[in-house]
Amino acid sequence: MADREFGFETLALHAGQIPDRETGARAAPIYQTTSFVFDSADHAASLFNLQTFGNVYTRLSNPTTAMFEERMAALEGGRAAVATASGQAAEMVALLNICQAGDHIVSSSKLYGGTHTMFAVSFPKLGIESTLVDPDDPENFRRAIRPNTKAIFSETLGNPAINMVDLEAVGAIAREAGVPFVVDNTAASPYLCRPLRHGADVVVHSATKFIGGHGTTMGGVVVESGKFPWDNGKFPSMTQPSAGYHGVRFYETFGDFGFTMKARMEVLRVFGPSLAPFNAWLLLQGLETLPVRMERHCANALGVARFLGAHPKVAWVNYPGLADNRYHALTARYMPKGAGALLSFGIRGGYDAGVRFIEGLQFVSHLANIGDAKSLVIHPASTTHRQLSEADQVKAGVPPDMVRLSIGLETLDDILWDLDQALARA
Ligand SMILES: *Cc1c(COP(=O)(O)O)cnc(C)c1O
């Protein structure tokens, strides 16, 4: 079967897993074990020398987690992947793998809140500086590059701004600068967009969202393309003997999966944000239905966007699937199968109307998450961004009247009914 290029749906069900040889189990077994018995002293030595691939300790690798990693690599069209305990951990592992004190990252300013804090507050404490740029003009990334820049970072579809970035333009700038383009593909999912085909070198996910898909499981993953030339002189830690791991030269030894091996052996192994095997299993379950869920997420979100666009209590709607949206053309190019589940709108009556709307909803749940099978809502001005002044809220792209929705898989008419009756109370 090796020379057949399987479709996304087939890979979502089968990549990385075959029926268990010992038991015949069709579903993925959960290897709920911390450690693995060595065959012999020689076997143990060769595992530690990375001469033999195998499992030692679940902080480094685990067979259930490996199935999730291989499936994610296949779905993103990448070479290899390493799973992490959360999306935040995926970003940390990917970036600490190539950045150290004295280095610099250029990132889109339209970021998930936790990522913004990582770049603006936490990485600077480690000596890693960032410049955040408006991603609407790709040239802004080029202008911010310095000799010590080690990565360009962006989200595919920004959360919560719901902006689309011109991946190929930014990827070309990264290539010219000799640094990897790292893309957070959480809001799109690999079903809607595969950034590695559009100039990205590394993809990270919060698997907590659409990949798990049911609001049950924290997880993350880092996928590498296998194509970045880590020996271009800018990444000595990829080419020189590793002080953290037996003098291994990761790029020379492992080539097109050297980045992943280094992330696993130098970052995951040392800092420890590993995915639990049970969570890997839940994320595998999520991946099996990712294609059908994303189709319905997109169809329902488009239905909601059209409904809100025509509603007298709604001032504006931001959904890139609408033809008049400023990101429509870019989204159609990079996400041809659908514009995703996220949309935001402005409610007439501002902050107070936003609060009354949220309180009036019946089954659309008020919480801080996206990508659940259930429809979710948040009013950033009264929750995630309430510490900011009104002026700073506007600057951050979350004005007081903005409501963000993550549209789920319920019957579309029921979602519209719930939104309509809550708008009436607002
Ligand atoms: C949620 C999210 C994260 C963080 O992921 P966790 O799994 O919550 O750690 C990072 N990026 C984006 C775009 C997200 O939506």
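The values are calculated or read from the model by the stated rules, or taken from the named source; none is laboratory data. Source: prediction; values computed, not measured. Cβ: placed from backbone, ideal geometry, glycine included. Neighbour counts: every protein chain shown. The area values use the complete protein model at the heavy-atom level, side chains included, leaving out ligands, DNA and RNA. Shrake-Rupley method; radii C 1.70, N 1.55, O 1.52, S 1.80 Å.
Observations
- Rough spin-label spacing in nm, given labels placed 7 Å along Cα→Cβ, for residue 271 and residue 285: 3.0 nm
- Net charge of Cβ neighbours under 11 Å - reference residue 123; Lys, Arg +1; Asp, Glu -1: -2
- Cβ-based charge dipole, the chain, positive-most Cα from 109, 199, 40: 109
- Here each label is just a point 7 Å from Cα along the line to Cβ, and for residue 299 and residue 134 those points are 3.9 nm apart.
- Net length gained if the chain between residue 310 and residue 368 were fully extended (0.36 nm per residue, minus Cα distance): 18.2 nm
- Here the scattering of the chain is modelled by Debye summation over its C-alpha atoms, one equal scatterer each and no solvent; at q = 0.08, 0.10, 0.11, 0.13 Å⁻¹ the log10 of I(q)/I(0) is -0.45, -0.69, -0.83, -1.13.
- Förster radius 41 Å - calculated FRET efficiency between residue 101 and residue 392, Cβ distance, rounded to 0.05: 0.85
- Relative contact order (%) - criterion: Cα under 8 Å, at least six apart; region: the chain: 16 percent
- Apportionment of accessible area to carbon and sulfur, the stretch 8-278, percent (1.4 Å): 53 percent
- Whether the stretch 32-164 is rounded, prolate or oblate, judged on the alpha carbon gyration tensor where a/c under 1.5 counts as rounded: prolate
- Percentage relative contact order, the stretch 290-425, counting C-alpha pairs under 8 Å, at least six apart: 29 percent
- With the simple model of a label 7 Å out from the Cα in the direction of the Cβ, residue 227 to residue 56 spans 3.3 nm.
- Among beta bridges that DSSP assigns inside the stretch 8-278, antiparallel share in %, nearest 5: 45 percent
- Highest to lowest packing among 272-282, 324-334, scored as the average C-beta count within 10 Å: 272-282, 324-334
- Net lengthening on full extension, residue 20/residue 120 (0.36 nm per residue, minus Cα-Cα): 31.4 nm
- Split the accessible area of the stretch 290-425 by element, probe 1.4 Å, and carbon with sulfur accounts for 53%.
- The length gained on full extension between residue 43 and residue 9, counted as 0.36 nm times the residue separation minus their Cα-Cα distance, comes to 8.5 nm.
- Per-bin percent of Cα-Cα distances, the stretch 290-425 [5 Å]: 2, 11, 20, 24, 21, 14, 6, 1, 0
- Proximal lysines to residue 209, defined as alpha-carbon separation beneath 16 angstrom and excluding residues fewer than eight positions away on the same chain: 374
- Surface per residue (accessible, 1.4 Å probe) for the chain, Å²: 42 Å²
- Only protein heavy atoms count here; under a 1.4 Å probe, residue 253 has an accessible surface of about 80 Å².
- Residue pairs exceeding 29 angstrom between C-alpha atoms, taken from 110/234; 234/337; 262/395; 150/395; 125/150; 110/313: 234/337; 262/395.
- Per-pair calculated FRET efficiency, R0 = 30 Å: residue 176 and residue 27 via Cβ, rounded to 0.05: 0.05
- MRE, 222 nm, helices only [DSSP H, n ≥ 4, -39500 (n - 2.57), over the chain, to nearest 500]: -10000 deg cm²/dmol
- For the stretch 1-52 and the stretch 100-122, distance of Cα centres in Å: 35 Å
- Taking 16 Å as the cut-off, the amide N atoms of the stretch 62-105 that come nearer than this to a point 7 Å along the Cα-to-beta-carbon line of residue 278 belong to 64-65, 85.
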